[in-house]
Every structure is written in C-alpha cells, then in structure tokens.
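Here is the structure we will look at, set down as structure tokens.
Read the figures in this text as sums done on the coordinates, not as results from a lab. Fair warning: this is a prediction, and the values are worked out from it, not measured in the lab. Ideal geometry is used to build each Cβ from the backbone, glycine not excepted, and the neighbour counts take in all protein chains shown.
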Amino acid sequence: MSFSRDKTEIDEGDTVILYLSASNMHAFRVQPTIKNKHGELVENVFQTTYGALKVASLVGVKFGSKVQMSRGWAFVLQPNPELWTLTLPHRTQIIYTADISLIVFHLELRPGSFVVESGTGSGSLTHALARRVGAHGTVRTFDFHDQRAQIATEEFAQHGLSNVVQVACRDVSCDGFGEDVQGRADAVFLDLPHPWLVVHHAVAAFKLDGGRFASFSPCIEQVQKTVAALRENGFLEVTTMECLQREILVNNRTLAVASVETSDSKEPAGRLDERSQTVASDSSDKLELVCTNYQNTMPGHTGYLTFATLPPVWARNISSSACPSDPDGDDGGSAPVIETAGL
Amino acid sequence: MEIRESIKIGDYVVIQKQKYLKLHQLKARCDVMLGKDLVNLKAIVGQPFWTTFKMIQKKKKEFDLDVASEIESLPEAVMKDVQSGSDNRNITDDGKSQLLSTEEIEGFKESGLSAQSIVGKLIESSTTFHNKTEYSQEKYLKKKEKKYFEYIVIRKPTVRLLAEMFYSKDPHSVLGLRHDSIAQILSYANVQNSGTYVLFESGTQALLGSAILDCLDDQGRVISITTGRYPPETGCRRDELSRREESEIVPKPLKKPRWQENLEIAKDALLKDGADSLIFASKEFPLPLILKMLDYLKPSHSLVVYSVYREPLVLIYNELKKKRKDVIGLHIFENFLRTHQILSDRTRPDVMMSASGGHILVGTKVLSS
C-alpha cells in the first residue's frame, strides 16, 4: 500500500524512495532480509554513495524523515508516480512526467473512469493512470511480453494497486483487447510499434458514449499511419503534439564588472594612462547576480503524442466536419476564433 | 449502455462551430451571439450533447437551429468534378480572378443560398481555380467552408475544452496557464480523488481549481484561499460542482481587514489532517503565503507554484533554499510544446506555436528534526 494517500509511516514490505539529492534517488522495498546470490537469507543492507543503510531500521519511520547512513544522511520519501518514474527499474523505454501529465489530462480521466493501456512496459504511465481513476476506477493494461506482464503485476500488487490495475499478457495488435473490455472504456492509450493496427480494436473497446484516445510514438511515420486510421474510424479532434520539459537552473554568481572608467572618480576624464585603461578588478567592482540557465544538453525528442475524440456512436459521421480533425492547412498560424460568455 | 444526457435550461454548454468554441450558460431566453450572427438555441433543449444542428436563416444575421442528420463536407462535395493544375506557374495575382463582385456575393448570402451553392458559384466565376493544384483547391475550399459553415455541435464543457478555449482566446486571461502546465501541476501535486488540497489561485478564471475538482470525488477537498471576497468561479461542470463548492471548498470571504483572521480559520481546518499538497497560481507574489502554509503541508508531500514569469519562481526558489531546511527537491520547469500538421505527404510542425506555457516550481516537504 506504499502509494496510499493515508499512509504516514513505513511498514515492512513498503516501497520507499531514498533521496540523497535531486539527481541521486533510489527506490527499494523495505524487507529486513534479502536473498544473496547463493540463495541464503542475509540482512538487507542498501549501499549508497553516502554509505550503507540497514533497511530494517526504516520500519516505523515517518515518511519525510532524515535517516542516517554510515557516511552521511538522506531523506526517506513516500513514492508517488512522479518519483517512481524517476527511480523505477527499466525493463523498457519509459514515458516521463511531461508526457505522462499531458496524456492523463487529455484522456479526460476522472475518478471511476475505465482506461485501457497497451503496452504496460515498465509501468511508468500505469501508476499515473491508476492515481487519476482512483479506487473506484479501472486500468486494464496489456503487454505482449509475458515476463514483463508478470513483473508489472507483482509491482502493482506491492504498490497496493491490484484493485485498480489489471495486467494481461496479450498481443492487442492481433487479438484486440478482448470481450471483457469491449464497450467499457472511457479512454484508450497506445504505446505500441504499430498503433494504427489497433485503432479499430480501440473503437470496439470504447463505451457507446465514445471517449478520448491517445497514442505515443517516437517516429513520425507511425504518427502518419495512426492519424490516417483515426480519421478512417470516425475520430475527431485529431491533434499531434510534442512536449519537452526544460529545467531552469538557478545559480548565484558573482561577475567582475568590465569598465573603462577609472576607479578614482576624481581623476580628470580623458586622462587615460595605461593603468586606468585596464578592466577594474578590485572587489568593489563586482556584481552579485542570481543567474538562470539550462542544462547543456536535454532530450530533444521523446515521442509524438496524438490525441483524438471518439463521439458517441449515434453522433459518429454526423459531427465530423462540424468539429474538424484536419488542420487548416498551410496557414497554421490561424488561431481558432474563440469567445467566452455566460460567466 | 449509453446514457444520453440531455441539455437543460441552466446548463453550461460549449457551442462548437468548426474551430470556434464558445462557453455559454443556457438561459430561458435562448439567444446567443455567434460572431456576428444571432442564434436562437431553443432547439437544443432536450437534445443530447454532441447533437449537430443546422443554422436556418430567419432574417439577415438571425438564425434558428434544426437537428441535422447529415453534413456533406464542402470540399468533398465541390471537389468531386473539378480539374486541378500541377503547379502555380500560370497563376498571377492581379485581383481579377474572381468575376463576381462583393455585392453579388453578399446578395447570395442574404437570399439564403446554401454554402455549397455559393461556393459553387464562386468557383464557376473564378478564372484561376481550375489551374490551382489539388492541395491549393482543397485549402481554398476549407477556408470558404469555414466562412459559410452552417452547422454547430453542442458539447459538454470539460476542463480540457475550457483550458484550450481560454488560452487560445487570450493567454493573459488565464495567466498564460497552458494545458500542459495544468497537466503537470496536477501531476506534481499528486492530486488524487480523496485528498485535501490547498489552492491559492487568482487571475486564471479558476481554471486550476476546476481542474483539481475534476480529479476529486466526494471525499476530496479543495481549500481555496483568496484575498478577494469570494473564491474564483468558472462555468466548468458548474451544475455538478456547485454542490461540492458548498460542501467541500471552504470559501473564505476574506475582506482585507479580516484577511488574517480568516486565514486562521482555514488553517484550523488544516491542523487536523494537514494538506496533501499546496498549489499556488496567482497574479500576486505568493512567498509570504507559501512560507505560512508550508507548516500545514504533510511531510513527503509537494509544494507546486505556477507563475507566468520566471523571476518570481527564481526568487521563491532562492528564499526556500536559504530559509527552509524542510523543503527539498526544488526544481523550476518550463515546457516546449509544439503541434504538428499530419497530412499525407505534407507532415511538418505547425507554422505558429505557443512560445510559453508558464513556469512551474516544485518542492517536497520533509521533517526538519
């Protein structure tokens, strides 16, 4: 139940986040003993750059506490989907918080929603979907890789999400989402090599009321085929975007002030001898500044996100040109004419 | 089983005419202005959301609505039997390609001629249309379709639609709060159905409050702090939310002199359980309020501050680093968000993009002892 909102202190079996610094975090389970490589049960000691931590000592500790290690200290935090995304064991490429947030928002998920995901991968997005649909909602997640599906199932159980998240090993490209999902979904998310092959299966999974669709693809060729399939299958508001998150780094810097003025203001102007032409470097000519900058490199591409709306079954084919999915064409600059009233 | 929720007087609806979106509360007198047209919405009452209506001209610039069962897309209808050129080498812009005068075209509109017939006449009287490339013809027809479009769809308001509507109308009207920023604020604040969230929001048409409420069920609470008389309101899911606003948001009618006093009341409500996160998105510089409210944030939970500008967040970042040993994991983020045109053989980024969606500061509270 590590992710549960009511939780304030660590129980045995919980997953915790050990925070050494913003760039040095670890997720692990609080188990007093662990099997070594010979299969023998030994005391669970977690090694960090600041020394060893006896994991058993965390039981009963409040989340957010400072914990002592052999050569320093760290904070122990409760996991949440964002921290989990930064620390989870990678079994596949994962989706990160900027894209995850956009996906969850654009799927219009609410408490109690039924959402379908394929593939499960390392379960990074799945945690965020589960959080948004809540205890009365459902996440059906599919992966065609048997071992991945199994490990993900165990992880969701350890995180107390089994009531919300159900994992199945299934190749949805070939077999669809199955009868027990048909007509039940409020939202469908695809992160697959061939999402366009699954669009008609997605249509079958949606409630008759329709819902929201999202697909994450790294390559534009995938997007082109998926968008074509979405338009063929009656989806509206088809939009594709990319979102890159940049961190702004804050540094307090002291800059020397370059000047051709003499430091002695009494000296008559225009009398520039060799000495006074040099850049002032004494301590009074320094400027203290709060500086902001970006990291030297950043991910320049994660994936294209394609979103679409499936209208209710009775409204399909009628509303298509009334809320267009096609872009305007070359005049991409034309912002929609929009007006609000009645507030 | 599909549930067709029908539209009632008093409902907030989104009127969509192609890319034009308008939020409107349906009054007993059903008139609404759509651009320069006066439209009577009487016909939408009792119909389900997502119904398409045809605009029927009554008088000049005055329309009634009629449920539409079919729309033929104008480019498709017109392009059926039209020839195309292969490039634009023979097309020069001399302002003489359209043989019809503006008055004649206006005359067609006033006589109640259908969009398709008007555009048909425009093409017939154009000396260059048939030499244009297929792409260029389609683009022209899409433009004309937009102008003469006669159909609207009534949609149910959602936070997503409102966010897109407010931002694209005028980003300043929502402090530059773009949908990707709202999405990330909800993530970093770990908003979930049953939590208690302290929100200080101003200048954003209550968009963030609506987005948070949309994530809550009847166990969740938003404690809305305001320096005004009432917390901000929005039309989003208004009918559904009004009940919650009474029972769950603790509105703090904070007149300036009693500001401090009322803040104490809000704090008492928090003393019992603490806040699951603190969320700030305001015109004002919120640092003093942040420092005060941090005491009520649960350990291992998040502080999220939105600002349209970078500098206030940099200041808050520095102050928290200096003064608060109980806040760790401070970061300031901004997003690059770009949309793409996806068309066969014509896929590329859109020419114009939104240059800023605001800035987000995040931090995590820890136990100081």
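Read phi for every residue in segment A:188-198 and hand back ³J(HN,Hα) as whole Hz from Karplus 6.51 cos²θ - 1.76 cosθ + 1.60, θ = phi - 60°, with x for Gly and Pro.
10, 10, 10, 10, 9, x, 10, x, 5, 6, 9
Let me check I have the definition right: for segment B:1-156, take the eigenvalues of the Cα gyration tensor, multiply each by 5, take square roots. What are those semi-axes in whole Å, largest first?
Computed over segment B:1-156, the values are 35, 18, 12 Å.
With everything on Cα atoms, drop me the angle between helix B:238-247 and the longest principal axis of chain B, reported from 0 to 90° to the nearest 10.
In chain B, helix B:238-247 runs at an angle near 10 degrees to the longest axis.
In degrees between 0 and 90, to the nearest 10, how far off the longest principal axis of chain B does helix B:259-273 point, with axes built from Cα atoms?
Computed tilt is about 80 degrees.
In deg cm²/dmol, rounded to 500, what helix-only [θ] at 222 nm does chain A give when every DSSP H run of at least 4 residues adds -39500 (n - 2.57) and the total is split over its residues?
Value at 222 nm, helices only, nearest 500: -5500 deg cm²/dmol.
Taking Cα atoms of chain B, Rg/Rh with Kirkwood Rh, to two decimals?
My calculation of the ratio gives 1.08.
Which of the three applies to chain A, rounded, prolate or oblate, going by the alpha-carbon gyration tensor with a ≥ b ≥ c and a/c under 1.5 meaning rounded? Before the final figure, lay out the partial values.
Values: a/c = 2.76, a/b = 1.30, b/c = 2.13.
Cα axes put chain A in the oblate bin.
Can you sort A:Trp73, A:Trp84 so the residue with the fewest Cβ neighbours within 10 Å comes first? The partial results should precede the final answer.
Working: A:Trp73 12, A:Trp84 22.
In increasing order of surrounding Cβ atoms, one gets A:Trp73, A:Trp84.
With just the Cα atoms defining each centre, how far is segment A:90-134 from segment B:281-356? Give it in Å.
So the separation of the two Cα centres works out to 21 Å.
Which far-off residues, 5 or more places away or on another chain, put their amide H under 5 Å from the one on B:Gln47, with H placed in the peptide plane?
Residues meeting the amide H criterion: B:Ile7.
Tell me, what ³J(HN,Hα) does each residue in segment B:154-159 have, in order and in whole Hz, if you take phi through Karplus 6.51 cos²θ - 1.76 cosθ + 1.60 with θ = phi - 60° and put x for Gly and Pro?
Values, residue by residue: 9, 10, 7, x, 10, 4 Hz.
Check which residues have an amide H placed less than 5 Å from A:Ser65's amide H, if you skip close sequence neighbours.
Under 5 Å from the amide H of A:Ser65 lie the amide H atoms of A:Val76, B:Leu367, each far enough along the sequence or on another chain.
Which whole-number percentage describes the relative contact order of chain A, with Cα contacts under 8 Å and a sequence gap of 6 or more? Numbers along the way, then the final one.
Numbers: 621 pairs, mean separation 44.5, N = 343.
Relative contact order here is 13 percent.
Kirkwood Rh over Cα pairs of segment A:1-108 into Stokes-Einstein at 10 °C, 1.306 mPa s: D in µm²/s?
105
Per residue Cα convex hull volume for segment B:301-369, in cubic angstrom?
Residue-normalised Cα hull volume stands at 89 Å³.
For chain B, what is the calculated [θ] at 222 nm in deg cm²/dmol (nearest 500), taking -39500 (n - 2.57) for each run of four or more DSSP H residues and dividing by its residue count? Spell out each step's value before the answer.
Details: 11 runs with 114 residues, N = 369.
Taken over chain B, the calculation gives -9000 deg cm²/dmol.
Treating the angle as unsigned and between 0 and 90°, give the value, to the nearest 10°, between the Cα long axis of helix B:179-188 and the longest Cα principal axis of chain B.
Helix B:179-188 sits at roughly 30 degrees to that axis.
For a quick check of your reading of the filter: which trypsin sites (Lys or Arg not before Pro) in segment A:40-130 sit in a DSSP loop and have no more than 11 other Cβ atoms within 10 Å?
A:Arg71
Report, in listed order, any pair from B:Lys17/B:Lys58; B:Lys17/B:Lys61; B:Lys156/B:Lys283; B:Lys54/B:Lys132; B:Lys42/B:Lys139 with a Cα-Cα distance greater than 25 Å.
Working: B:Lys17/B:Lys58 19 Å; B:Lys17/B:Lys61 16 Å; B:Lys156/B:Lys283 29 Å; B:Lys54/B:Lys132 31 Å; B:Lys42/B:Lys139 34 Å.
Listed pairs above 25 Å: B:Lys156/B:Lys283; B:Lys54/B:Lys132; B:Lys42/B:Lys139.
Note down the relative contact order for chain B as a percent, whole number, built from C-alpha pairs under 8 angstrom at least six residues apart.
RCO, chain B: 14 percent.
Report, please, the projected area of the protein assembly as shown averaged over directions, based on the convex hull of its C-alpha atoms, in nm².
Directional mean of the projected Cα hull area for the protein assembly as shown stands at 42.7 nm².
Spelling out what I want: for every residue of segment B:104-109, take phi, set θ = phi - 60°, compute 6.51 cos²θ - 1.76 cosθ + 1.60 (Karplus), and round to whole Hz; glycine and proline get x.
These are the phi-based 3J(HN,Hα) values: 4, 5, 4, x, 4, 4 Hz.
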